[in-house]
Structure formats: structure tokens, C-alpha cells
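A.B. asks: I have a structure I would like to understand better, so I am pasting it below and will then ask my questions one at a time.
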Amino acid sequence: MRTGVIGLILPPTFSFLEMMWRICPALAVGCTVVALVPPASPTPLLLAQLSGELGPFPGILNVISGPASLVPVLASQPGIQKVAFCGALEEGRALRRTLAGECAELGLALGTESLLLLTDTADVDSAVEGVVDAAWSDRGPGGLRLLIQESVWDEAMRRLQERMGRLRSGRGLDGAVDMGARGAAACDLVQRFVREAQSQGAQVFQAGNVPSEHPFYPPTLVSNLPPASPCAQAEVPWPVVVASPFRTAKEALALANGTPRGGSASVWSERLGQALELGYGLQVGTVWINAHGLRDPSVPTGGCKESGCSWHGGPDGLYEYLRPSGTPARLSCLSKNLNYDTFGLAVPSTLPAGPEIGPSPAPPYGLFVGGRFQAPGARSSRPIQDSSGNLHGYVAEGGAKDIRGAVEAAHQAFPGWAGQFPGARAALLWALAAALERRKSTLASRLERQGVELKAAEAEVELSARRLRAWGARAQAQGHTLQVAGLRGPVLRLREPLGVLAVVCPDEWPLLAFVSLLAPALAYGNTVVMVPSAACPLLALEVCQGSQFVEWASAGNLKPVWANRGCLRAWDQETEGAGPELGLRSARTKALWLPMGD
Amino acid sequence: YEGHNKDLSWISKIQVNHPAVLRRAEQIQARRTVKKEWQGRAAWLLKAVTFIDLTTLSGDDTSSNIQRLCYKAKYPIREDLLKALNMYDKGITTAAVCVYPARVCDAVKALKAAGCNIPVASVATGFPAGQTHLKTRLEEIRLAVEDGATEIDVVINRSLVLTGQWEALYDEIRQFRKACGEAHLKTILATGELGSLTNVYKASMIAMMAGSDFIKTSTGKETVNATFPVAIVMLRAIRDFFWKTGNKIGFKPAGGIRSAKDSLAWLSLVKEELGNEWLKPELFRIGASTLLSDIERQIYHHVTGRYAAYHDLPMS
């Protein structure tokens with residue numbers, strides 16, 4: 001089912017193709033679009049005029065031309081269901097913060113830098129052409145980080161410099177030039193970057209046939225930039241290529257994955273095994289083998305980490321503008337006075353209702369971390385009351401230190417778990433389902449004490465076991481091959497685990513929701529840190545505020561966030577409890593391009 | 001040019017990625033290096049004429065058509081058209097005339113009678129398949145040189161490439177070089193039969209190391225002759241050889257170049273990959289036969305504004 005009204009925000013320099021790729025899928029599934037474009041680029045206005053002439057549906061595409069200060073205004077309009085933002089990192093972060101808790105969903109596509117990995121078994125001349133495609137042409141969106149294997153460093157640098165000398169720059173529409181200009185702002189940005197790089201000791205090489213008027217900037221190659229310098233951490237602007245050497249493929253992966261950017265990368269190697277290993281190991285949204293910059297509408301294009309997690313193209317691109325049918329539209333749960341600094345830090349104090357009567361309760365449950373129960377760091381526990389107000393048991397009160405320990409344990413377990421065959425993961429989920437069934441009576445009686453009827457409780461336990469098995473079976477479904485026009489060779493749409501997932505369970509359906517969130521996460525190879533429901537209805541309000549806090553806090557390193565805003569979810573219904581949305585959220589897509597031919 | 005010492009390390013680690021080279025070829029064809037204005041275009045077309053090795057390699061060549069060919073080589077464009085372009089006395093001729101070894105005498109005689117000193121190139125070494133004994137192949141070269149050919153187009157032994165015998169290939173071409181003596185050696189790689197672009201690169205390198213003055217894409221008789229991807233690989237080999245030794249080796253595409261538009265695309269390819277220095281007859285030739293008449297028709301159109309009928313232009 002379609003999302004509704006989409007607000008689209010485009011960066012100061014965007015290509016016509018990028019704009020079409022964001023507007024067309026939205027229109028195709030039935031959404032309407034309001035686009036905010038910078039005044040210097042009037043092309044979308046023409047597109048809007050053309051769409052207005054389409055007769056019976058004026059208003060499906062609306063374009064406003066205005067400065068960047070209008071962005072928060074557009075984003076917080078009440079009628080907009082989703083904001084798709086494409087642009088620079090800091091603006092994306094700020095937008096994430098302002099939109100926390102608002103009605104609109106946010107999709108971010110940030111940054112323009114890409115990566116090129118040149119091994120010693122590559123066709124160096126063709127890789128140099130790949131560098132030109134990536135950074136020194138009108139096809140590439142931004143700058144390039146170039147990693148060259150040390151044994152071919154000299155050869156590659158020589159060919160790069162010679163190729164740069166043959167580049168021609170000029171007006172974009174002239175058929176005899178290789179690259180145009182991107183405006184005064186881009187020119188200033190790159191000048192500052194190059195000056196800073198030089199002051200930190202890097203070598204800067206510039207060449208090419210470039211007019212000397214202002215917005216034109218020559219192709220630039222920067223090498224010997226110290227890795228710890230701020231320039232090396234910042235995004236590489238167009239038309240700069242920052243080159244660094246590496247010794248082995250393992251080192252290359254570490255260097256490549258060691259930046260916050262996760263957009264696109266290419267691997268140049270004529271050895272299939274090595275190329276695939278690097279391709280699978282890079283944490284980016286798109287990997288090209290022995291090519292760079294290939295695009296197609298049927299292949300999903302997106303990123304991870306600080307490149308934002310919105311997609312365009314392919315099935316993922318359509319999912320951006322859809323939501324599962326039957327689910328209600330998102331509500332705003334904005335609380336204007338939420339103090340982000342102190343949220344969640346206070347320890348609630350609950351006094352026991354009266355003197356404890358009855359048999360002394362069982363020892364408190366600890367925190368289950370790293371395969372065994374542990375005592376919490378703060379050594380405090382909290383009483384849990386059942387539906388009639390009596391004491392049900394004690395649970396440990398976990399704190400920040402415990403969370404950190406749990407996350408560390410999850411990180412350590414992740415490589416092993418993600419590396420398991422899907423069959424092994426399925427086997428574990430089935431074993432968990434069997435264990436659940438063995439303890440059915442205990443679980444049902446606990447649920448009964450929380451106020452659930454016996455029959456419903458038993459049904460809940462059975463459904464939980466069934467869900468585990470169903471997701472176990474789906475662990476087999478990995479990626480599939482896409483057909484791309486004009487390319488000889490497959491493009492794989494891989495589904496990879498996200499890593500460590502933090503899950504805070506809702507209060508409704510305490511067992512079923514827990515299991516329904518756990519199972520797909522594990523099936524796709526993630527490790528999880530779960531905070532189960534606190535079994536207390538008073539927390540409903542805090543969950544609402546919790547959603548807003550989580551969205552706000554994710555702006556720190558732009559993690560993908562999925563929050564329910566305090567709405568109840570019908571966990572027993574198939575669509576909401578076990579539908580494709582859960583599977584979509586539990587894994588990350590990567591497009592792997594494999595052009596073939598000899 | 002005598003050649004270089006055998007050094008197989010120059011080719012041992014080379015890799016060529018076919019799809020990437022295809023993409024680069026498409027890109028080059030989409031770009032426009034030649035200026036659009038008409039004056040520029042006519043100048044480029046005349047330049048293209050000076051690169052042509054006017055060729056006839058048929059079973060039914062006799063002295064009469066050789067004589068017509070040589071005359072056409074001396075006067076490639078009709079006199080009045082050249083006058084209209086102010087290029088009449090500038091010595092516009094084709095670069096050479098290319099014939100079978102048995103017809104070299106006729107060609108030399110005809111050119112002498114026309115008072116023209118453009119070189120006669122002869123194909124040799126079992127053209128086009130090269131599947132004859134080495135002894136007779138070398139003898140062919142010597143006989144052609146004796147008859148007056150000053151350029152020899154040899155074909156390499158493809159079986160050596162396909163079985164990876166690079167040293168043997170080097171040695172053979174070295175012997176061709178010796179047999180040529182003072183004549184220029186153009187080595188035809190027959191790239192359509194070499195199987196992969198990596199083999200094309202390696203064969204180019206070996207040919208240049210062994211003393212070729214030119215490397216040539218094909219005989220014109222294979223199923224696939226001169227294509228852009230193959231040319232890109234050979235031009236990269238020429239550039240790499242220049243970087244290693246400082247020697248400039250020439251490039252000649254042959255076979256399948258029929259229209260003026262094609263020839264301009266080839267000129268711009270060489271300009272893109274190697275630069276202006278290679279755009280002279282000493283370092284660039286086009287092996288063609290019908291190309292010249294198409295160029296003449298384009299120039300006719302440029303000068304008169306009309307399209308020439310079949311009978312308007314002299315037959316070659």
C-alpha cells in the first residue's frame with residue numbers, strides 16, 4: 001500500500017537521472033510528490049510543468065524552488081508522510097533530529113564519495129578509466145577514495161597522471177569534453193579541501209585541459225595524506241581522488257570499511273575468488289567488479305552507515321514508498337519538551353506494596369548475556385507485579401554498563417553467527433521452538449498470572465513456536481539475481497545481516513512480540529540485544545517518548561531505526577506479526593555487479 | 001629500428017579486462033574530437049587521405065588494375081576539388097600502395113612512370129594465413145625486397161600465440177626483421193584469431209620488442225578485423241613500450257574501414273589514446289581500398305554542395 005505524500009529534498013548539484021529515479025518510483029506506486037529544489041537548478045520545474053499537462057491529475061508532482069532554509073519547514077508539514085532527503089551529511093543529521101517524533105518518516109541518502117580498490121591482479125589501464133568514470137567525469141556524483149595495492153603503486157600513479165593530462169574540461173553539453181563544472185559552492189569546497197590537504201603534508205597533482213574561469217576546477221590527485229589527518233576523515237569532494245596504498249586484501253578491507261561512509265565501491269581484480277571475497281566483505285550498498293558507476297533502475301542503489309539507508313531502484317526502491325496494507329498511518333507522537341540529555345537516566349523507584357506475604361519468592365532472574373545469566377552491574381532488581389497486584393517475581397535492573405557488556409558480547413558473537421550456513425541458523429531456530437514447546441505449561445501459567453486467559457495463553461505459546469519455525473525456514477532465502485538491460489553478466493541482490501540489533505519489545509503480547517522480533521533477526525544472521533517488555537501498563541507513555549528518543553539518538557551515527565511510536569501492533573495477525581516487513585527490516589541489501597566477458 | 005632484447009617479464013603479469021575495454025571503446029565513439037565546423041572536417045578528411053595505404057589484395061590483380069591503383073595513389077582527389085580547397089600543390093598523396101609480392105614489380109614500374117616516390121608495401125610470409133614453412137616465408141620477404149618493396153607487411157604465426165610460445169614468436173619476428181634489411185617491417189597480429197585481448201597485448205609487445213616498425217591489427221581477410229576494443233589494447237601496448245624504451249612504434253588498422261566517418265573515428269581514437277604525435281604517416285596508417293572513394297565523395301559534397309553520382313568520380 002502506498003505511503004502518501006512524499007516530500008523530496010534534492011542537493012545543490014544533482015543529476016537529472018537522480019531526480020527521475022526518486023520521483024518516478026514514488027509516482028508509479030501512487031504517491032504524490034512535493035519537491036524542494038535549489039533555485040539554481042530549474043530542471044524539476046520543467047518536469048513539473050510537463051506533468052501538469054497530463055490532464056486529469058494536476059498536482060501529482062509539485063516543485064518548489066527555494067533556499068536550504070526551507071528544508072525543515074517542508075519536512076515538518078503535517079500532511080507529508082515521508083521525507084526523502086538527498087544531500088550532505090550534516091544537513092541529514094540535523095533533519096533527523098528535527099524530525100524525531102514527527103509524523104513523517106525519513107529516508108536519507110547522504111554523501112557522494114565512492115571507493116575504488118585496485119589489486120595487483122587488475123587491468124590497471126581499465127581501472128584508471130574506472131577512476132575517470134568515478135571522479136573526473138559528469139557520470140560520478142562526487143570524489144573518490146582510491147586504494148592501490150603497494151606492488152602496483154608506481155605503475156598506477158604513472159598511468160593516472162598521464163590520463164589526467166588528457167582530460168578536457170569545459171561546458172557540459174559540448175561533446176568534446178570529459179567533465180563540466182558543478183557550481184561555485186562545489187568549487188569553494190574543493191579548494192578548501194586541497195589547501196588543507198597540502199598543509200597536512202599531502203602531495204597534490206593536478207592536470208588536464210581546464211578553462212581558468214571560476215567554477216571550473218582541474219582534476220586533482222592527492223597522495224601521501226596522513227591517515228590521521230582530518231582531511232582523511234572528511235568526505236572527499238569532487239573532483240578529488242585521494243590515493244592510499246595497502247599491502248594485502250585483508251588490509252584493504254580494513255581500510256575500506258574503516259570510514260563512516262558506506263555508499264558504493266568497485267573492486268578491480270582479474271581473480272574471481274579474490275574479487276568476490278572483497279565484494280562480499282565491503283560494507284557498502286553497491287559493489288561493482290571491474291567496473292564503476294554502472295546504474296540501472298531495476299538494481300537497488302543505496303548505502304549503509306553514514307550514507308543513509310534509503311534506497312532507490314529495484315524492489316528496495318519501491319518499498320521506500322510503500323507500507324504493509326492494513327497497518328495504520330503513522331501518528332505524530334511529538335512531545336516538545338523531551339529533554340534528550342536526561343531521558344532514560346532516572347531510576348524508577350517502586351516501593352513494595354506492603355509486607356511480603358506468602359512463600360519467599362524465587363531468586364531474581366539475572367541478565368542473559370553471552371550464553372549465561374549474569375548479575376546486573378548495579379546489583380539491583382525490580383519487583384514485577386501480576387495482574388492482581390501481587391508480587392510475581394523479581395527481575396534484574398539493567399543499566400548502561402550492562403548494555404555495553406551485552407553489545408560487546410553480541411559483537412563478538414556476530415562474525416561466527418553471520419558466517420553460519422543458513423541451514424545451521426534454521427536448525428537453531430527450530431531447536432528454540434522445540435524448547436519453547438517443552439516449557440509450554442510453565443509459560444502459559446506465567447502469562448495467565450499477567451491476566452491472559454489460559455486458552456489464549458496456550459495459543460500464544462503455540463503461535464510463538466510456529467513463528468520460530470517459519471522464520472527458520474525462511475533463513476534459506478538469501479539474494480536473487482536481477483536482469484539488467486544492457487549488461488552481460490549477473491547482478492546479485494544480496495541480503496546481508498545488519499550486525500548487532502538492539503530490540504526493545506513492546507508491552508502488548510509480551511511473549512509473541514518478543515519471539516516475532518527475535519526470530520527474523522536471528523534468521524538473517526544478526527545478533528541481538530533485547531530488552532523485553534517491562535510488563536507494566538504505565539510504561540505505554542514512556543514507550544511513546546522512547547520512540548522519539550530513539551529516532552533522535554540515531555542521528556549520532558545514522559543507524560537505521562524502526563520505531564512504533566506507541567501504536568499497538570497486532571502481533572497475532574500474519575501481516576503485522578510475521579510479514580515481509582519484518583524480514584525487510586532485519587537485513588541489509590547489497591547490489592553486486594558482475595560484468596562478464598573475455 | 002632494430003628491436004630490443006627479449007624480456008618476457010614485460011608480458012608476464014599483464015591482464016586485460018574485456019568488458020571494461022568495450023565500455024571505453026563505446027565512450028570514445030560517443031565523444032567528438034573532430035570539430036564540427038565544415039572547414040575543420042574537410043581538413044581532417046584530407047589528413048585521413050595521407051594516412052591511407054591504398055591496397056589491392058585479390059586473386060585477380062593484374063598489371064592493369066595495379067597501374068590504375070598507383071595513379072590513384074598519386075592523385076587521390078580530383079584536381080578541381082583540391083583546387084577549391086586550396087590544397088592543389090601541397091603534395092596530397094596516399095601514404096603507400098600495398099600489393100601481393102608477385103605484383104610488386106608492376107607497382108614499382110607504374111609509380112616510376114607516374115613520377116611518384118611513395119613507397120610500395122608488399123604483404124609477405126604466407127599472407128593471409130601464415131601457415132607455410134618458415135624457409136619459404138623468409139624467402140618471400142627477400143624476394144619482395146629485391147623487387148623494390150620498401151615496406152613489408154608480415155603475418156605472425158598465430159599458432160605460437162595460441163600455444164603460448166612467446167620466445168619462439170620473438171625469434172621468428174626477429175628473423176623477419178633481418179630478412180627485411182632496410183625495409184620497414186609492419187607486423188600483422190591477426191587479432192581476430194588470437195582469442196583474447198590479453199593475447200593481443202602480449203603479441204603486440206613481443207612484436208615491438210622484436211623490431212617491428214608498425215603493428216597492424218589484421219589482414220582484412222579474417223571474420224573480425226579492426227575493431228575499437230582491439231585497437232585500444234594495441235595502442236596501450238604502444239604507449240607502454242614507448243615508456244619503457246623511448247621508441248615510438250606505429251599503428252595500422254586494416255579491414256572493415258569503409259566510410260569517411262569511420263576513418264575520422266579512428267583518427268580521433270589515436271589522438272585520444274596516444275596524442276597528436278602519432279598522427280603522421282610515419283606512425284599511423286589505415287589499410288583500406290574503398291575508403292578513398294568515400295572520402296572523395298564527402299569532399300565533393302563539401303565543395304559543391306551536391307552528392308556525386310557514380311560516374312562523377314574517377315575509378316581507382
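The values are calculated or read from the model by the stated rules, or taken from the named source; none is laboratory data. Only a predicted model underlies this, so the values are computations on that prediction, with no experimental measurement involved. Positions of Cβ are backbone-derived with ideal geometry, glycine not excepted, and every protein chain shown enters the neighbour counts. Accessible surface is based on the protein model in full, side chains and every heavy atom, while ligands, DNA and RNA are left aside. Shrake-Rupley method; radii C 1.70, N 1.55, O 1.52, S 1.80 Å.
A.B. asks: Which of the residues that make up the range B:257-293 are away from chain A (no Cβ under 14 Å), over 18 Å from B:M234 (Cα atoms) and open to solvent by less than 40 Å² (accessible area, probe 1.4 Å)?
C.D. replies: Answer for the range B:257-293, where residues must be away from chain A (no Cβ under 14 Å), over 18 Å from B:M234 (Cα atoms) and open to solvent by less than 40 Å² (accessible area, probe 1.4 Å): B:S259, B:A260, B:A288, B:L291, B:L292.
A.B. asks: Hey, does the range B:24-43 have a residue that's open to solvent by less than 20 Å² (accessible area, probe 1.4 Å) and more than 14 Å from every other protein chain (Cβ to nearest Cβ)?
C.D. replies: yes
A.B. asks: Evaluate the range A:77-88: report whether one residue or more is surrounded by fewer than 19 Cβ atoms within 10 Å (Cβ to Cβ) and touching a helix residue (DSSP H, G or I) at 6+ places or on another chain (Cβ under 8 Å).
C.D. replies: no
A.B. asks: Looking for whichever is over 23 Å from A:L318 (Cα atoms) and either assigned by the TED database to the domain that holds A:V33 or touching a Phe, Trp or Tyr at 6+ places or on another chain (Cβ under 8 Å) (or both) here; the options are A:A156, A:A100, A:A84. Which one fits? Talk me through it step by step, then tell me what you get.
C.D. replies: On the way: A:A156 fails: either assigned by the TED database to the domain that holds A:V33 or touching a Phe, Trp or Tyr at 6+ places or on another chain (Cβ under 8 Å) (or both); A:A84 fails: over 23 Å from A:L318 (Cα atoms).
Answer to the check: A:A100.
A.B. asks: Report every pair of residues separated by at least 6 positions or lying on different chains whose Cβ atoms are under 6 Å apart, first residue within the range B:122-146 and in a loop (DSSP other than H, G, I, E, B), second surrounded by 22 or more Cβ atoms within 10 Å (Cβ to Cβ) and hydrophobic (A, V, I, L, M, F, W, C).
C.D. replies: B:T125/B:V154; B:T125/B:V155; B:F127/B:V155; B:G130/B:V155
A.B. asks: Restricting attention to helices (runs of 4 or more DSSP H) lying wholly within the range A:472-583, give those where 1 or more residues are modelled with pLDDT of 80 or more. Walk me through how you get there before you give the answer.
C.D. replies: Values: elements: A:510-523, A:539-553, A:574-578.
Because the criterion is at least 1 residues that are modelled with pLDDT of 80 or more, the helices (runs of 4 or more DSSP H) in the range A:472-583 that meet it are A:510-523.
A.B. asks: Looking at A:P352, A:P328, A:P363, A:P359, which is the one that is in contact with a Cys (Cβ under 9 Å, 6 or more places away or on another chain), open to solvent by 80 Å² or more (accessible area, probe 1.4 Å) and either assigned to a loop (DSSP other than H, G, I, E, B) or at pLDDT below 65 (or both)? Full working, then the answer.
C.D. replies: On the way: A:P352 fails: in contact with a Cys (Cβ under 9 Å, 6 or more places away or on another chain); A:P363 fails: in contact with a Cys (Cβ under 9 Å, 6 or more places away or on another chain); A:P359 fails: in contact with a Cys (Cβ under 9 Å, 6 or more places away or on another chain).
When all the criteria are applied, what remains is A:P328.
A.B. asks: Here is a check on your reading of the model: is A:L144 open to solvent by less than 10 Å² (accessible area, probe 1.4 Å), among the aliphatic types (A, V, I, L, M), touching a Gly at 6+ places or on another chain (Cβ under 6 Å) and modelled with pLDDT under 95? I'd like the intermediate steps shown before the answer.
C.D. replies: Working: open to solvent by less than 10 Å² (accessible area, probe 1.4 Å): yes; among the aliphatic types (A, V, I, L, M): yes; touching a Gly at 6+ places or on another chain (Cβ under 6 Å): no; modelled with pLDDT under 95: yes.
In short, no.
A.B. asks: Restricting the search to the range B:167-192, which residues are assigned to a helix (DSSP H, G or I) and surrounded by fewer than 20 Cβ atoms within 10 Å (Cβ to Cβ)? Break it down stepwise before answering.
C.D. replies: To start, the set of residues in the range B:167-192 that are assigned to a helix (DSSP H, G or I) comprises B:167-180, B:191-192.
Within the range B:167-192, B:E167, B:A168, B:D171, B:R174, B:Q175, B:K178 meet the criteria.
A.B. asks: What residue, of B:T56, B:T62, B:T94, is open to solvent by 60 Å² or more (accessible area, probe 1.4 Å) and among the β-branched types (V, I, T)? Reasoning before the result, please.
C.D. replies: Numbers: B:T56 fails: open to solvent by 60 Å² or more (accessible area, probe 1.4 Å); B:T94 fails: open to solvent by 60 Å² or more (accessible area, probe 1.4 Å).
When all the criteria are applied, what remains is B:T62.
A.B. asks: Additional query: Quick one: would you say A:L278 is of a type in the set (A, V, I, L, M) and modelled with pLDDT under 90?
C.D. replies: Numbers: of a type in the set (A, V, I, L, M): yes; modelled with pLDDT under 90: no.
No.
A.B. asks: Which condition from (1) within 14 Å of chain B (Cβ to nearest Cβ); (2) open to solvent by 50 Å² or more (accessible area, probe 1.4 Å); (3) among the β-branched types (V, I, T) is the one that A:T98 breaks?
C.D. replies: (1)
A.B. asks: Residues of the range A:461-473 being surrounded by fewer than 22 Cβ atoms within 10 Å (Cβ to Cβ) and not basic (K, R), which ones?
C.D. replies: Hits for the range A:461-473 are A:E462, A:L463, A:A465, A:A470, A:A473.
A.B. asks: Then there is this: If you go through the range B:3-23, how many residues are closer than 18 Å to A:T119 by Cα and away from chain A (no Cβ under 13 Å)?
C.D. replies: 1
A.B. asks: Working carefully through the options A:A265, A:A252, A:A243, A:A234, find the one that is free of Cβ contacts under 8 Å to residues at least 60 places away in the same chain and either aliphatic (A, V, I, L, M) or within 14 Å of chain B (Cβ to nearest Cβ) (or both).
C.D. replies: On the way: A:A265 fails: free of Cβ contacts under 8 Å to residues at least 60 places away in the same chain; A:A252 fails: free of Cβ contacts under 8 Å to residues at least 60 places away in the same chain; A:A243 fails: free of Cβ contacts under 8 Å to residues at least 60 places away in the same chain.
Exactly one residue qualifies, and that residue is A:A234.
A.B. asks: So if I check each of A:S114, A:S151, which one is more than 9 Å from chain B (Cβ to nearest Cβ), of a type in the set (S, T, N, Q) and surrounded by fewer than 20 Cβ atoms within 10 Å (Cβ to Cβ)?
C.D. replies: Of A:S114, A:S151, the one residue that is more than 9 Å from chain B (Cβ to nearest Cβ), of a type in the set (S, T, N, Q) and surrounded by fewer than 20 Cβ atoms within 10 Å (Cβ to Cβ) is A:S151.
A.B. asks: Separate question: Say we look at the range A:216-272 and pick out the residues that are in contact with a Phe, Trp or Tyr (Cβ under 6 Å, 6 or more places away or on another chain) and in a helix (DSSP H, G or I); which of these is farthest from B:Q15 (Cα to Cα)?
C.D. replies: A:L255
A.B. asks: Within the range A:29-40, is even one residue open to solvent by less than 20 Å² (accessible area, probe 1.4 Å), in a helix (DSSP H, G or I) and in contact (Cβ under 8 Å) with a residue 40 or more places away in the chain?
C.D. replies: In the first step, residues of the range A:29-40 are kept if they are open to solvent by less than 20 Å² (accessible area, probe 1.4 Å); the result is A:31, A:33, A:35-37.
Filter once more, keeping what is in a helix (DSSP H, G or I): none.
No; the residues of the range A:29-40 include none that is open to solvent by less than 20 Å² (accessible area, probe 1.4 Å), in a helix (DSSP H, G or I) and in contact (Cβ under 8 Å) with a residue 40 or more places away in the chain.
A.B. asks: So which residues in the range A:161-196 are in contact (Cβ under 8 Å) with a residue 60 or more places away in the chain and over 20 Å from A:T112 (Cβ atoms)?
C.D. replies: Initial filter on the range A:161-196 (in contact (Cβ under 8 Å) with a residue 60 or more places away in the chain): A:161, A:179, A:182-183, A:185-186.
Correct list: A:Q161 only.
A.B. asks: In addition: If you scan the range A:169-213, which residues turn out to be of a type in the set (K, R) and either within 14 Å of chain B (Cβ to nearest Cβ) or open to solvent by 60 Å² or more (accessible area, probe 1.4 Å) (or both)? Reasoning before the result, please.
C.D. replies: Residues of the range A:169-213 of a type in the set (K, R): A:171, A:182, A:192, A:195.
Across the range A:169-213, the qualifying residues are A:R171, A:R192, A:R195.
A.B. asks: Residue by residue through the range A:156-170, note down the ones that are over 12 Å from A:A207 (Cβ atoms), within 36 Å of the chain's Cα centre (by Cα) and not in a helix (DSSP H, G or I).
C.D. replies: none
A.B. asks: A:A444 passes all but one of (1) buried (at least 19 other Cβ atoms within 10 Å of the Cβ); (2) touching a residue at least 24 places away in the same chain (Cβ under 8 Å); (3) among the aliphatic types (A, V, I, L, M); which number fails?
C.D. replies: (2)
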